[in-house]
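Heads up, the thing below is written out as structure tokens.
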Amino acid sequence: MLSVVQLFLLSLGICLVRSELNETCTTSSNRIGRCLAPRECQHVIDILRSDRNTHEDYHFIDHNKCGQTSDSPPKPLVCCPVIQNVAGCGVPKLANRIFGGEETGVGMFPWAGVIQYRVSKRRFSIYCGAALVHHRWALTAAHCIISIPRSWSIHRVRFNEWDTTRKANCTIKNDIQICRAEYEIEDSFSHPLYLVNNPNMRHDIGLLKTKLNVLINDYVIPICLPFSEIIRQLPIAQEEFVVTGWGQTDQGTPGIQRHVVLIGQNKSICDEAFGSQKIELTEDQLCIGGSEGQDSCRGDSGGPLTRAHGLVNYLVGVVSFGAYKCGSKNHPGVYTNVGNYLDWIEETIVTNSA
């Protein structure tokens, strides 16, 4: 009996299009790809090694042949996604502005980061959150990039942060030494359709590119992007999500990382809550929360909204805006729907990775 690998290679041999190695292509799910030999495509290798493949995985095998080389004999090629989730993403290794919620344990959300702004020549300020999604890329809100004072500039992003008020890079928490991982920002990109003065704040999403690769370790791990259609189609209403940040709390603004579990809502709930402001959500936004005393708040903007599927955590939202009084009952927060911006994320990373 032929193995799955052999069957896959045979299926790739029946190609209708001749293509050059490394030629740009588009996958069946409209992702940017390159024609590669199957053994050179990590996405294919992961599928072939897995014993838990989904219908979506088999669909990829059947519908992403991009031709064959001109060698003699010709070699089969597959359209391999250029941007893939980093291996081990979304799985904390050390742990199985938030209003309410709990203090976050060391390494519990190793993808969460804070943005440090240069306010003046010698003064810096922590203002927004971000989430590590790739080796040199962090996702945040567009308004954290362009809706800031003119005198401000994005300076660094910090990971493995616990207390933003401490000047020392390392601190001791529960007998564990926590040291910040700081990376200077080389460039920033806000979504081109985001409008600063639009109260709806649609397309409130942006990317930060670090000057150096972020070192992946037990304390700093990227979050998985929801490339899988299975994840993107999971229900929102009455499902649990987690948001983490360093923003305002009911005790003030201590700068301590906190997290809170929030319940997803139908968009109509937010439409009603923000009706007096003539704000109506689109499919590019998520309505999350609404329980009294539990919310994201000022200073949490750009931070990650995540959901767990099995043992893996996925980045499904970016903190965008909410009620004037954080944690108001029946007044959920609004989050940018990351799943609707994967094409922009991929295109931005691919175009600016040289």
Self-check item: Relative contact order (%) - criterion: Cα under 8 Å, at least six apart; region: the stretch 166-250
Solution: 19 percent
Quiz item: Fully extended, how many nm does the chain gain between Asn174 and Glu229 (0.36 nm per residue separation, minus their Cα-Cα distance)?
Solution: 15.8 nm
Quiz item: Taking Lys65 as the anchor, which lysines have their alpha carbon closer than 18 Å to its alpha carbon, excluding any fewer than eight residues away along the same chain?
Solution: Lys75
Quiz item: Of the accessible area of the stretch 109-177, with the probe set at 1.4 angstrom, what percent is carbon plus sulfur?
Solution: 45 percent
Exercise. Mind scanning Lys211/Lys267; Lys167/Lys209; Lys93/Lys167; Lys93/Lys267; Lys167/Lys267; Lys93/Lys209 and naming the pairs with a C-alpha gap bigger than 31 Å?
Key: Lys211/Lys267; Lys93/Lys267; Lys167/Lys267
Quiz item: Considering only the other residues whose Cβ falls under 13 Å of the Cβ of Glu56, what net charge follows from Lys and Arg at +1 and Asp and Glu at -1?
Solution: -1
Quiz item: In sequence order, what are the phi-derived ³J(HN,Hα) couplings for the stretch 77-83 according to the Karplus relation 6.51 cos²θ - 1.76 cosθ + 1.60 with θ = phi - 60°, rounded to whole Hz, with x for glycine and proline?
Solution: 10, 10, 7, 9, x, 5, 9
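Rounded, prolate or oblate for the stretch 177-238? Axes are the square roots of the Cα gyration tensor eigenvalues, ordered a ≥ b ≥ c, and the cut-off for rounded is a/c under 1.5.
On the way: a/c = 2.31, a/b = 1.26, b/c = 1.84.
Since a/c reaches 1.5 but b/c is at least a/b, the shape of the stretch 177-238 is classed as oblate.
The values are calculated or read from the model by the stated rules, or taken from the named source; none is laboratory data. These figures come from a predicted structure and were not determined experimentally. FYI the Cβ positions are ideal-geometry reconstructions off the backbone, even for glycines, and counts take in every protein chain you see. The area values use the complete protein model at the heavy-atom level, side chains included, leaving out ligands, DNA and RNA. Shrake-Rupley method; radii C 1.70, N 1.55, O 1.52, S 1.80 Å.
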